[in-house]
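The values are calculated or read from the model by the stated rules, or taken from the named source; none is laboratory data. The structure displayed is predicted, hence computed values, not measured ones. Reconstructed Cβ throughout: ideal geometry from the backbone, glycine too, with neighbour counts over all protein chains shown.
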Amino acid sequence: MTADVRLLAGPFDAAAEIDRFVAANSDAGGVASFIGRVRPGGGVEALELSHYEPLTLAGMQALADEVENRWQVTGLAMVHRTGVMLPGEAIVLVAATAHHRREAIESVDFAMDHLKGDSWFWKREKRAGEWHWIEPRERDFSDLARWQQ
């Protein structure tokens, strides 16, 4: 499996990333992807993600290794943004290729549940000109618990 695991401090074009990833993994029969964006509306002016890079990148790579151990994927991409983002901007992209769709779909779902519920990021939102920390939701933990063996 080839894994492309990256942290970015600036914006990225999710569609271009998917196109590049699919071209690099053209032998796959199944391609699945998820793009997480800063939710527009609801009064959110910005989202900020901070992290400790030595742990974050190593954790993301370990997650990619776990995906490879659990599914027969031929390629995996995890691109995660940090810093201040505006509504509509991409935060995260996870994509997987496999010979069959189920492997690709499940591996993306697994990776996203881990990035969301067991990650190395601190999040805060700016609303009405003030920053507020965001704690993981109970749903994030229950989504993560589905994958316990």
Out of all the residues in segment 108-149, which are among the acidic types (Asp, Glu) and out of contact with any Asp or Glu (no Cβ under 7 Å at 6 or more places or on another chain)? Asp109, Asp118, Glu125, Glu130, Glu135, Glu138, Asp140
Looking at (1) touching a strand residue (DSSP E or B) at 6+ places or on another chain (Cβ under 8 Å); (2) more than 18 Å from Thr2 (Cβ to Cβ); (3) at pLDDT below 95, find the lone condition where Tyr52 falls short. (1)
Residue pairs qualifying under the 7 Å Cβ cut-off, at least six apart or on distinct chains, with the first in segment 78-105 being under 19 Å from Gly29 (Cβ atoms) and the second being of a type in the set (Asp, Glu), are none
For a quick check of your reading of the model, give me the residue pairs whose first member lies in segment 13-29 and is without any contact (Cβ under 8 Å) to a residue 40 or more places away in the chain and exposed (fewer than 11 other Cβ atoms within 10 Å of the Cβ), whose second is among the small types (Gly, Ala, Ser) and not in a helix (DSSP H, G or I), with beta-carbon atoms closer than 6 Å and at least 6 apart or on different chains. none
Can you confirm whether Lys126 is of a type in the set (Lys, Arg) and modelled with pLDDT of 95 or more? yes
Please go through segment 8-47 and pick out each residue that is within 16 Å of Ile91 (Cβ to Cβ) and of a type in the set (Lys, Arg). Arg37, Arg39
Can we say Ile35 is free of Cβ contacts under 8 Å to residues at least 60 places away in the same chain, out of contact with any Cys (no Cβ under 9 Å at 6 or more places or on another chain), surrounded by 14 or more Cβ atoms within 10 Å (Cβ to Cβ) and under 19 Å from Ala96 (Cα atoms)? yes
Residue satisfying condition, being within 26 Å of Gly129 (Cβ to Cβ) and not β-branched (Val, Ile, Thr), within set Gly59, Gly30, Gly75, Gly83: Gly83
Report, ordered by the first and then the second residue, all pairs with beta carbons closer than 7 Å, sequence separation of six or more or different chains, a first member in segment 39-54 that is over 15 Å from Met85 (Cβ atoms), and a second member that is at pLDDT 90 or above and surrounded by 10 or more Cβ atoms within 10 Å (Cβ to Cβ). Gly43/Arg127; Glu53/Leu7
Working only within segment 40-65, note down all residues that are of a type in the set (A, V, I, L, M, F, W, C), closer than 30 Å to Asp27 by Cα and either touching an Asp or Glu at 6+ places or on another chain (Cβ under 6 Å) or surrounded by fewer than 17 Cβ atoms within 10 Å (Cβ to Cβ) (or both). Leu57, Ala58, Ala62
Just to check your reading of the model, which residue among Glu125, Glu68, Glu106 is outside any loop (DSSP other than H, G, I, E, B), touching a strand residue (DSSP E or B) at 6+ places or on another chain (Cβ under 8 Å), of a type outside the set (Phe, Trp, Tyr) and crowded, with 18+ Cβ neighbours inside 10 Å? Glu125
